[in-house]
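Beneath this line is the structure, given in structure tokens, with notes to follow.
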Amino acid sequence: MVDVLNTPDDSIIRVNQASQKAKVVKDRFRQIRYKHIEYVKLVFSEYTGEISSIRNYLITALFNSVTTCDIYFSQRVQHDLYGEGKDKWQIAK
């Protein structure tokens, strides 16, 4: 994160195999909070594929975390309550 935030604004940063202006990436990185980092850690720990460039993977994951974190956790809650995981959460009668 420090590497990205210290990049000059007129530079180009590759995010998700696309060139983005550094200013845009830096603005998105400034929105990152603790929950986004926890989300990236969780996704990173669940991923079993091969990562050829961890730096690029993390930049992309952090960049996307701002927009996908809340959706991801909402979906997991929905799955646990109403999906296959419904047997785990039963209301006591």
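The values are calculated or read from the model by the stated rules, or taken from the named source; none is laboratory data. Note that the coordinates shown come from a computational prediction; the quantities given were computed from them, not determined experimentally. Here Cβ is always computed from backbone atoms with ideal geometry, including for glycine, and neighbour counts include all displayed protein chains. For the accessible areas, the whole protein counts, side chains as well, though only heavy atoms, and no ligand, DNA or RNA atoms are used. Shrake-Rupley method; radii C 1.70, N 1.55, O 1.52, S 1.80 Å.
Using R0 = 25 Å, the C-beta based FRET efficiency linking ARG33 and THR7 works out to 0.75.
Its Cα gyration tensor gives the chain an equivalent ellipsoid, and the semi-axes of that ellipsoid, as √(5λ) in whole Å with the largest first, are 33, 14, 10.
Calculate for the chain the 222 nm mean residue ellipticity that helices alone would give, adding -39,500 (n - 2.57) per DSSP H run of length 4 or more and normalising by residue count, nearest 500 deg cm²/dmol. If you can, show how the numbers build up before the last one.
Values: 4 runs with 54 residues, N = 93.
So the helix-based figure for the chain works out to -18500 deg cm²/dmol.
For region 6-32, backbone nitrogen atoms closer than 12 Å to the point 7 Å from SER52 Cα along Cα-to-C-beta are found at 17.
When the chain is treated as a GNM with alpha-carbon contacts under 10 Å, the residue of THR60, THR68, THR48 showing the greatest mean-square fluctuation is THR48. Overall, the accessible surface of region 3-63 at a probe of 1.4 angstrom is composed of carbon and sulfur to the extent of 51 percent.
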